[in-house]
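Read-outs throughout are calculated quantities, based only on the coordinates presented, and are distinct from any laboratory measurement. The structure presented is a predicted model; accordingly, all values stated were derived computationally and were not measured. When we count neighbours, we look across all protein chains shown, and the Cβ atoms used for this are built from the backbone with ideal geometry, even at glycine.
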Amino acid sequence: MKSNKILFLLFVLLVLPGCGGGGGGGSSSSSGGGSSQTTNVLPLTVNGSTCDSSLIASSGGYINDPCVSVTVCTPGSSTCVTINSILLDTGSYGLRIFKQALGSVSLTQVTSSSGSPLAECVQYADNTSDWGPVQIARVSLGNEPAVQVPIQVIDATFATIPSSCGPPIYTPDTKPSDEGFNGILGVGPFIYDCGAICVTSSVGQYYSCSGSTCTSTVVSLASQVQNPVASFPTDNNGVIVQLPGVAAGGTTSLTGSILFGIGTQSNNSLSGATAYPLDQNGNFITIFNGVSFNEASNPNSGSFTDSGSNGLFFPSPSMSTPDAGELPDCAGVYSFWFCPPSTTNFSATIAGASGSPTKSVSFQIGNFISLINSPNYVFSDIGGNVSGTFDWGLPFYLGRNVYIGFEKESSLGTGQYIAY
Amino acid sequence: MKTRIYSIFFALGLLMVCFISVQRVAATLGEPAGSIESDRKALSTVKRGVKVRNSYTVYEIYSEANSVREYVSSLGIVFGIAWNGLVYPDITQLLGSYAGEYQKALQQTLRQKGSRHLRVQSPGVIVEQWGHMRSLQGRAYAPALIPSGVSVDEIK
């Protein structure tokens, strides 16, 4: 037991930047912007000024919508567009933007090894999908230096959408006004959206499109859609999501920040946060209501955090568990949200993927129908019933600094963690 | 009697399967395991292991794209399927005769922005999905075919 703890402490010290192990060191010599402490700060709002309110409305009232603005330029030119309502997403990796939002900014098409245009199908757990070509863009996030990375242009009309991305099973995202966002900025703990497997195996995520015929293909890491933050010259080892707390009952909008880099400047140290290592799929352990959600014991049970999920989603307590009956589903079309008679307190334990460290987290679940019948759009106390595991969605980020530590570029698949 | 003979035959079949690398996905919800050549394009899928638990057997078909686990009752019928990986398996093929019912129920399922999971319920089949990029997960089962004493949560 004791030696495991010591080993773990050594591991944590090694992976934490600024503690003598990883890159970044302890001093804050940042590039570009001189000694300004705001080179690594990007405004983040939930249903606020960085969102396009018309998209929130047209998509049917998108609640808990975390938005940032990004600037996208044609590589090698000053033709740029600044786009708001980009979903800040810790559950995905890489930048995706609707073709409509790019306007007249043209990007450089990436080709597969056969020389044909490269495209990608991304599936989501709700059977929506993003289909479209992979293109190089020059991306600016706040005051960080612009970086050139492959992004996905969301375009359901590109070539021929494969069956893995389209009807009858999958509903591809087609336009911002339907989906409620102009794009998605994936800043989860992995650098490439597929990673090493897609370099050698043709799994059906990347496609080579000759004319209108698209065939599944392998793809190099360099050509994969990737987390732009990982390409920054500094401040590139993680992000910190900072949002104020919200009382039960909600609020109309919220203003906060996303910081780039962990331990690279004076404003982004880990300070009092504890790091929880993630496994090779980006998952950790949650214990709730006597049930342990642990990928090591059940491959479909890894717990995770995802700012693109707009509630706390977990299996409703069954009749044989301590919290049995406390979280009934709402009636009718809202049946996958919880509708307890009144706001109820709960707690769960989060643990690193290997079992430690552990810390208890308190949360509240209110009556979803009552809450959305208020004028508010941002809630800390909404949750819903999902089989399988515990998804710590956007409410987890309200009132706590959440750190997403990226995998190490030099040894992909290791070093990733969350901290809070 | 017939069941016992079938079971012995089935068990022998299992032993053979253990030592053979089969280049096909075993089966389809509601169908007998291994009796249907349901996926010819599965050149990269390999039948990896057989586990026996309680009144059912679990077959795992592993590929770089995903892992699919099929839950087969002692009568040899697939009553549940679970999966996880980079991309989803071909759900239409896995659901077999239940695919049409699923597609209809799917069309009627309300999708809500930001709810990154899915539950599609129809009388004959229930399909549930959750997870995130690189870790997409799900399961499907025919409630009427689940052996007695087996909990739905064992389909994982």
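Points to keep in mind about this one:
- Gained length - A:SER335 relative to A:SER374, 0.36 nm times residue gap less alpha-carbon distance: 12.2 nm
- With both labels modelled 7 Å from their Cα along Cα-to-Cβ, the B:THR92 to A:SER58 distance reads 3.0 nm.
- Which of A:THR234, A:THR305, A:ALA119, positive extreme of dipole for chain A (C-beta unit charges): A:THR234
- For A:SER360 and A:SER113, a Förster radius of 60 Å and the Cβ-Cβ distance give a FRET efficiency of 0.75, rounded to the nearest 0.05.
- A simple spin-label model places the labels of A:SER342 and A:VAL81 5.1 nm from each other, with each point 7 Å out along Cα-to-Cβ.
- Antiparallel content of DSSP bridges confined to region A:95-177, in %, to 5: 75 percent
- Across peptide B:80-88, the mean count of Cβ atoms from other chains lying within 10 Å of each residue's own Cβ comes to 5.
- Cα gyration tensor shape for region A:103-182, rounded if a/c is under 1.5, else prolate or oblate: oblate
- Cα-based shape type of region A:114-228, given that a ≥ b ≥ c are square roots of the gyration tensor eigenvalues and the cut on a/c is 1.5: oblate
- Peptide A:305-314 is shielded by partner chain Cβ atoms: per residue, an average of 3 of them sit within 10 Å of its Cβ.
- Between the beta carbons of A:SER163 and A:SER266, assuming R0 = 51 Å, the FRET efficiency works out to 0.50 to the nearest 0.05.
- Length-normalised contact order of region A:348-393 in % [C-alpha pairs under 8 Å, at least 6 apart]: 28 percent
- Only Cα pairs under 8 Å and 6+ residues apart enter the sum, and on that basis the relative contact order of region A:47-175 stands at 22 percent.
- Listed peptides A:80-86, A:337-343, B:69-75 appear in the order B:69-75, A:80-86, A:337-343 once ranked by packing, highest mean of other Cβ atoms within 10 Å at the front.
- Mean Cβ count within 10 Å, highest first, over the residues of peptides A:155-166, B:121-132: B:121-132, A:155-166
- From most to least packed by mean Cβ count within 10 Å, the peptides A:351-361, A:117-127, A:58-68 give A:117-127, A:58-68, A:351-361.
- Given A:LYS175/A:LYS408; B:LYS104/B:LYS156; A:LYS99/B:LYS113; A:LYS99/B:LYS156; A:LYS175/B:LYS156, the pairs whose alpha carbons are separated by over 31 Å: A:LYS175/A:LYS408; A:LYS99/B:LYS156; A:LYS175/B:LYS156
- Euclidean distance between Cα centres, region A:84-116 to region A:229-271, Å: 23 Å
- Neighbouring Cβ atoms from other chains, within 10 Å of the Cβ of residues in B:135-145, number 3 on average.
- Extension reserve of the A:ALA273-A:SER220 stretch, reckoned as 0.36 nm per residue once the Cα distance is removed: 15.5 nm
- DSSP beta bridges fully contained in region A:43-197 are about 75 percent antiparallel.
- Sorted fewest first by neighbouring Cβ atoms within 10 angstrom, A:VAL239, B:VAL87 come out as B:VAL87, A:VAL239.
- Mean separation of Cα contacts under 8 Å, 6 or more apart, over the residue count of region A:277-322: relative contact order %: 31 percent
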